[in-house]
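See structure below.
The values are calculated or read from the model by the stated rules, or taken from the named source; none is laboratory data. Because the structure is predicted, anything quoted here is derived from the model rather than measured. In this analysis, Cβ positions are derived from the backbone assuming ideal geometry, glycine residues included, and neighbour counts consider all displayed protein chains.
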Ligand SMILES: Cc1cc2nc3c(=O)[nH]c(=O)nc-3n(C[C@H](O)[C@H](O)[C@H](O)COP(=O)(O)OP(=O)(O)OC[C@H]3O[C@@H](n4cnc5c(N)ncnc54)[C@H](O)[C@@H]3O)c2cc1C
Ligand SMILES: NC(=O)c1ccc[n+]([C@@H]2O[C@H](COP(=O)([O-])OP(=O)(O)OC[C@H]3O[C@@H](n4cnc5c(N)ncnc54)[C@H](OP(=O)(O)O)[C@@H]3O)[C@@H](O)[C@H]2O)c1
């Protein structure tokens, strides 16, 4: 019933009525929704107004909602989505981009690739905003070489909890602590409205890609360590069904002009990512099961040659294969899914095989199991990456016994000196989080100076008692 | 916050010493629970409920003073509880059964259970709904009864309070539909608790842990109405169609 209908009956304002701007929000995994007042500010002043007039449930910035769990939602709060704060400029002389926080990497790539530049870090989807990229301090296939997104930001503008505008930079001693608390700070230090970051020069919009199969996990991991030194970009897909832990490593570089045929050279910087399909709106639960997963994993492994070098692929095919299918997160059905992503130090490589085995044992099928190597961490206290191995698995939430299995894995990860990625988390305990992010207190101190009245909060912050 | 796997962090029980509610709290996945508020009238039963839940390993169990008939206090009490932290699951469990024969000889007693079971639930239920609505998430579990499905000679005062409660809770669920907050109505048959102690057993009588299990499954599935045991739905479907002259003569 709309407010209007009820008003015909009575003029009293019921606290149960819905208003036009309320929306049920979830993360990409489509679990645990909560209702919020969604506003779309058009200017810095709009953002300031929203913060100054925040209700008791506070304010949170949201990007494109590509975090899997509850990071970008906050029940009862004002959630600021900023699709119209999306302008950006490229300065080719300094190889930097200055972008509004609502600009997506998709928009930015479309703008800068034809000019011979590429973003310093891209996740497995280009449908993320600059704000979300900084707040989660995202990593890409080049982390072992280039680090995470925050390491390439030279300055950012943020509205703090009092509504004041702050310009933060990693090199300014007066505010570098605030800068690093914002990088990886999951929107809890303020609303980022603009950022300047370095971009990298490229000669073509194409990738030169080498593929190698590994018939078991040890072989795969050894080949990955070897690939570290040779490639800027590298990642492995693992067949989560196979007990051996076989997989496929794809590594690559931006293709240089001399790697291209003369036909391709003339269109080297043409960038045209295409959406191939949209997943159907309604998919019954249970479509993703052990059988379909086995078939998928088998086909994926077979599709890749034992080893091949110098294939030329598009940027979209190499970095963002899933963006070809819109709303693919619906294939998991109404119960939704989660992604379990952890990092452990190099010395705890055995945790990878153990995690795969335990999830196989409860019959948690994973389409997408991705193994990557991280380089060194940056100074951000809540940033996820640190030197070592990171494994990410997509798992439907309906699997029986999943909660206990993942709690057990948490223990193992924590005991090994590792941790979980907040942008993917939707279920760890506050104790697990506190134990594995030992610099939490340091971050909280900076955060309370930036948000003295506790305006910024999220469902994730409430769940983990941040 | 409830997490992606449906595990709650906080629970509020109105009628904090109810055996059905305590069985439910005990059966909930507890790895994430850090707050359980047992709201009820001060009693030895309430105190020992805190001790028992705590002893069983549940964290953060506390009590709050709550009397269903003191409706003037509901707003303050419920606001205080929700101000302290978000509540993922509220179980509205208080209720009295009473004795039909006594009600007929002393209608004041009937008024008392009507006030408790119906008026008290309308008052506290609306305050809870307002707070769930404000926090944008959470479930309200209302313990109704099959006795509300059809009035019986032997307990029609109780039955009518549950019929009223049930209709209220259904409507409240509709009011909250799509708001992130959710209402689930539970219609148990006879359950072996102190409330039913001494009464002759009806068909399909269950124990509190069985009802608890049904509640937890229902919550996971986002159900609006459940029977406990589930098969009672069909039996009550038939019972509701029996003509009154015949129904009156059925053994109670
Ligand atoms: C298919 C897929 C693949 C992915 N691959 C990777 C990967 O390879 N590497 C990786 O690191 N991540 C990956 N992710 C996760 C994704 O990169 C991050 O969750 C990212 O933060 C999403 O950006 P967003 O704009 O959608 O932000 P949202 O998900 O909307 O928000 C994420 C966080 O950022 C905060 N935030 C958003 N905007 C602002 C702002 N303007 N100011 C302050 N805070 C803000 C939010 O409050 C929230 O805490 C992947 C996700 C998907 C769906
Ligand atoms: N047992 C059954 O066969 C059965 C069947 C169908 C439905 N139900 C319903 O299930 C619910 C729980 O019952 P139960 O079986 O768990 O029995 P129970 O243990 O007797 O629980 C009833 C609870 O209601 C509380 N209560 C009564 N009056 C109150 C008031 N004025 N203010 C606050 N609390 C009050 C009682 O608290 P005190 O300790 O202070 O009295 C007790 O905690 C009830 O609503 C009942 O109607 C029961």
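A few remarks follow.
- The residues of the range A:262-278 that are surrounded by 14 or more Cβ atoms within 10 Å (Cβ to Cβ) and either modelled with pLDDT under 80 or not in a helix (DSSP H, G or I) (or both), listed by number, are A:268, A:269, A:271, A:273.
- Test for residue B:166: is it over 26 Å from residue B:244 (Cβ atoms) and either within 11 Å of another protein chain (Cβ to nearest Cβ) or outside any loop (DSSP other than H, G, I, E, B) (or both): no
- Residue match in the range A:326-342 (condition: crowded, with 24+ Cβ neighbours inside 10 Å, away from every other protein chain (no Cβ under 13 Å) and under 17 Å from the mean Cα position of the chain (by Cα)): yes
- Among the conditions (1) over 25 Å from the mean Cα position of the chain (by Cα); (2) not in a loop (DSSP other than H, G, I, E, B), residue A:305 misses just one, which is (2).
- Test for residue B:137: is it within 14 Å of chain A (Cβ to nearest Cβ), over 18 Å from the mean Cα position of the chain (by Cα) and in contact (Cβ under 8 Å) with a residue 24 or more places away in the chain: yes
- Of the residues contained in the range A:85-102, none is found to be within 20 Å of residue A:327 (Cα to Cα), out of contact with any helix residue (DSSP H, G or I) (no Cβ under 6 Å at 6 or more places or on another chain) and more than 8 Å from ligand 1 (Cβ to nearest atom).
- Between B:22, B:38, B:53, the distinction of being away from chain A (no Cβ under 11 Å), closer than 30 Å to residue A:426 by Cβ, touching a residue at least 40 places away in the same chain (Cβ under 8 Å) and outside any loop (DSSP other than H, G, I, E, B) belongs to B:22 only.
- Selected residue (only one of A:364, A:400 is in contact with a strand residue (DSSP E or B) (Cβ under 8 Å, 6 or more places away or on another chain), part of a loop (DSSP other than H, G, I, E, B) and within 14 Å of another protein chain (Cβ to nearest Cβ)): A:364
- Residue in the range A:320-333 that is modelled with pLDDT of 95 or more, touching a strand residue (DSSP E or B) at 6+ places or on another chain (Cβ under 9 Å) and closer than 23 Å to residue A:121 by Cβ present: no
- Tabulated pairs, the range B:79-102, first within 14 Å of chain A (Cβ to nearest Cβ), second assigned to a loop (DSSP other than H, G, I, E, B), C-beta under 7 angstrom, 6+ apart or interchain: B:86/B:1; B:88/B:1; B:88/B:2; B:88/B:8; B:88/B:9; B:89/B:8
- Exactly one residue out of A:454, A:417 is at pLDDT 95 or above, within 14 Å of chain B (Cβ to nearest Cβ) and surrounded by fewer than 19 Cβ atoms within 10 Å (Cβ to Cβ): that is A:454.
- Unmet requirement for residue B:154, which otherwise passes all of (1) away from chain A (no Cβ under 14 Å); (2) crowded, with 23+ Cβ neighbours inside 10 Å: (2)
- Sole residue being surrounded by fewer than 22 Cβ atoms within 10 Å (Cβ to Cβ), assigned by TED's automatic domain parsing to the domain that holds residue A:213 and over 21 Å from the mean Cα position of the chain (by Cα), chosen from A:403, A:392, A:377, A:364: A:403
- Strands (runs of 3 or more DSSP E) contained in the range A:112-216 and holding at least 2 residues more than 16 Å from ligand 2 (Cβ to nearest atom) and within 21 Å of the chain's Cα centre (by Cα): A:153-159, A:191-198
- Residue that is farthest from ligand 2 (Cβ to nearest atom) [pool: residues in the range A:22-43 that are within 7 Å of chain B (Cβ to nearest Cβ) and assigned to a loop (DSSP other than H, G, I, E, B)]: A:29
- Residue check, residue B:4 within 14 Å of chain A (Cβ to nearest Cβ) and either more than 30 Å from residue A:422 (Cα to Cα) or in contact with a strand residue (DSSP E or B) (Cβ under 9 Å, 6 or more places away or on another chain) (or both): yes
- Among the criteria (1) within 14 Å of ligand 1 (Cβ to nearest atom); (2) under 30 Å from residue B:3 (Cβ atoms); (3) surrounded by fewer than 20 Cβ atoms within 10 Å (Cβ to Cβ), the one residue A:55 does not fulfil is (1).
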